[in-house]
Amino acid sequence: SGVEQLGDMIAEASVIVPFTGAGISTESGIPDFRSPGGLWSRNQPIPYDAFVARQDARDEAWRRRFAMQPTFGAARPSRGHRALAALYRAGKIPAVLTQNIDNLHQASGFAEQDVIELHGNTTYARCIGCGRRHELEWVKACWERTHHAPVCTVCDEPVKTATISFGQPMPEEAMQRAAELAQNCDLLLAIGSSLVVWPAAGFPLLAKQSGAKLVIINNEPTDQDQTADLVIRYDIGEILGPFVGN
Ligand code: OAD
Ligand code: ZN
């Protein structure tokens, strides 16, 4: 079966690089983007240009972020996260490439520097001018005082979650490291992503073109199923649960 084949491929590989999407975090209680009921069925994304240009867009972005805080605050690593952490501890996985912004790979035991965040992180904020980090508690306090999104205490530019919005430049160092990891693994596991958002979705393909095997684990078809050596169209927690160990 697909599961046995996955077990063999994991056993045979010496360098495994996972590439994760929102589907690995649904078991943690965080909705994905493109499933029915997903985030993009409820809200249109706010493009980066709008955030930069308009106070009302910034206010709306922060209103949504604070509305999600109970969800992000309560989220704990899923079986998928924990299985990858076990393979990381075993030395099979050097680092994880993720489109997720929820900090759950770090929470599962990956060192900060071994989580390559392609779309940033929503558990803290940054000034879009000087890049200074700001904590969400501070943003929340400003919000409650003024009912507006705050500006940076250093340079007066808007403060935004440390995520990458549509139209915002990709993080250069993360892109560079992701490319190196994709080119130097022998197995890439694409887990819980529709694989439709570029350039991130290019990394499974890059790994495949560089000679790695590609496995896709997702409960719906993805854009790259044709390219994969193995497609497991099933629940991530059920498939990866057996790899969690103790
Ligand atoms: P999507 O919502 O596009 O895809 C998540 C996939 O995971 C869907 O195909 C689901 O069917 C699947 N899925 C959900 N739960 C699952 C489970 N328990 N087991 C198996 N499969 C499951 O999310 P991403 O591909 O991560 O970027 O989205 C990519 C990017 O689009 C995000 O990083 C975000 C978004 O816009 C930005 O905002 C820049
Ligand atoms: Zn600043």
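Quick note: the coordinates plus some simple rules give every number you see, no bench work behind them. Please read all numbers here as calculations on a predicted model, not as lab measurements. Using ideal geometry, Cβ is built from the backbone for each residue, glycine included, and neighbour counts are taken over all protein chains shown.
Each Lys and Arg adds +1 at its Cβ and each Asp and Glu adds -1 at its Cβ; summed about the Cα centre, the chain shows a dipole of about 560 debye.
In this structure, the amide hydrogen of LYS213, modeled 1.01 Å from its nitrogen in the peptide plane, lies closer than 5 angstrom to those of LEU187, LEU188, counting only residues at least 5 positions away or on a different chain.
Bridgeable lysines around LYS92 (alpha carbons under 21 Å apart, same-chain partners fewer than 8 residues away excluded): LYS208, LYS213. Each of ILE101, ILE93 has some number of other Cβ atoms within 10 Å of its Cβ, and from fewest to most they run ILE101, ILE93.
Each peptide in 121-128, 147-154 was scored by the mean count of other Cβ atoms within 10 Å over its residues; highest first, the order is 121-128, 147-154. Looking at the range 87-246 alone, DSSP beta bridges between its own residues are antiparallel in about 40 percent of cases.
Between PRO31, PRO70, PRO204, the Gaussian network model of the chain with springs among Cα atoms under 10 angstrom shows the greatest mean-square fluctuation at PRO70. Residues LEU39, LEU84, LEU97, ranked from the fewest to the most other C-beta atoms within 10 Å, line up as LEU39, LEU97, LEU84. Placing unit charges on each Cβ (+1 for Lys and Arg, -1 for Asp and Glu) gives the chain a dipole about its Cα centre, and among ILE216, PRO94, GLY237 the Cα reaching farthest toward its positive end belongs to GLY237.
In the chain, the convex hull through the Cα atoms has an average projected area of 12.9 nm², a quarter of its surface area. Counting neighbouring Cβ atoms within 10 Å and putting the fewest first, the residues ARG79, ARG42 line up as ARG42, ARG79. Mean-square fluctuations from a GNM of the chain, with a 10 angstrom spring cutoff on Cα atoms, peak among ALA200, ALA178, ALA67 at ALA67.
With θ taken as phi - 60° and the Karplus curve 6.51 cos²θ - 1.76 cosθ + 1.60 applied, the whole-hertz 3J(HN,Hα) list for the range 21-30 is x, 4, x, 6, 9, 5, 5, 7, x, 9 Hz, x standing for glycine and proline. For the chain, the residue among SER193, PRO45, HIS134 whose Cα projects farthest onto the positive side of the dipole built from Cβ charges is HIS134. As I understand it, the dipole of the chain uses +1 on the Cβ of Lys and Arg and -1 on the Cβ of Asp and Glu, about the Cα centre. Which of THR146, SER25, SER165 lies farthest toward its positive end? Of the listed residues, the answer is THR146. Other residues within the sphere of radius under 12 Å centred on the Cβ of PRO171, judged by their own Cβ, net out at -1 (K and R +1, D and E -1).
Note on the range 152-246: with charges restricted to the Cβ of Lys and Arg (+1) and Asp and Glu (-1), its dipole about the Cα centre is near 140 debye. Build a GNM of the chain with springs between Cα atoms under 10 Å apart, and of GLN224, GLN113, GLN99 the one that fluctuates most is GLN113. Across the chain, Cα pairs under 8 Å and at least six residues apart give a relative contact order of 25 percent.
Between LYS160 and ARG126, CYS127, ILE128, the built amide H atoms are under 5 Å apart, and every one of these is 5 or more places off in sequence or on another chain.
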